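Following: one structure in structure tokens, then a few remarks.
Please treat every number below as a calculation from the coordinates, not as lab data. These numbers were taken from a predicted model, which means no experiment stands behind them. Reconstructed Cβ throughout: ideal geometry from the backbone, glycine too, with neighbour counts over all protein chains shown.
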Amino acid sequence: MSKQRVDLFIKISYCFNKPETSIIRTNVKTERLRDLLNDYLYNQIGKGEDKRKLNEKEVYDIEIGVDLSDDTFYVSSDTGNDGLTCGIIMHVSAILNELEVLSL
């Protein structure tokens, strides 16, 4: 992630073949994490299709930062495709209770 000012930070290491072993590192309170992930996904609605070729990997790394001064989301990932990034975040949100969440 570039050098934007962020107040909240989420780093997802998503294991594609064994999603339940994925790890999240964050400074967000665990009870608010799903809401924040869903807010990001909602923010992506209507942004259009991403036709870039996705990267095929075993583990994908996604970083989400939020600047609370204007509620701006910043995201970087190694997926190669925004649709895949959103799909992973959607799946992480769905299985969040099964994942290891570590504090930053």
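Points to keep in mind about this one:
- Taking 0.36 nm per residue of sequence separation and removing the Cα-Cα distance, the Ser103/Arg5 pair yields an extension gain of 33.4 nm.
- Cα-projected label distance for Leu41 with Ile23, points at 7 Å along beta-carbon direction, nm: 2.4
- Note on Val101, Val92: ascending count of other Cβ atoms within 10 Å places them as Val101, Val92, the fewest first.
- Three-way shape label, the stretch 8-103, alpha-carbon gyration tensor, a/c 1.5: oblate
- Ile62, Ile95, Ile23 arranged by Cβ crowding within 10 Å, fewest neighbours leading: Ile95, Ile23, Ile62
- DSSP loop trypsin sites (Lys or Arg not before Pro) with at most 16 other Cβ within 10 Å excluded, longest remaining stretch of the chain: 58-104
- Efficiency of FRET from Cβ geometry, Lys51 and Ser13, R₀ 30 Å, rounded to 0.05: 0.70
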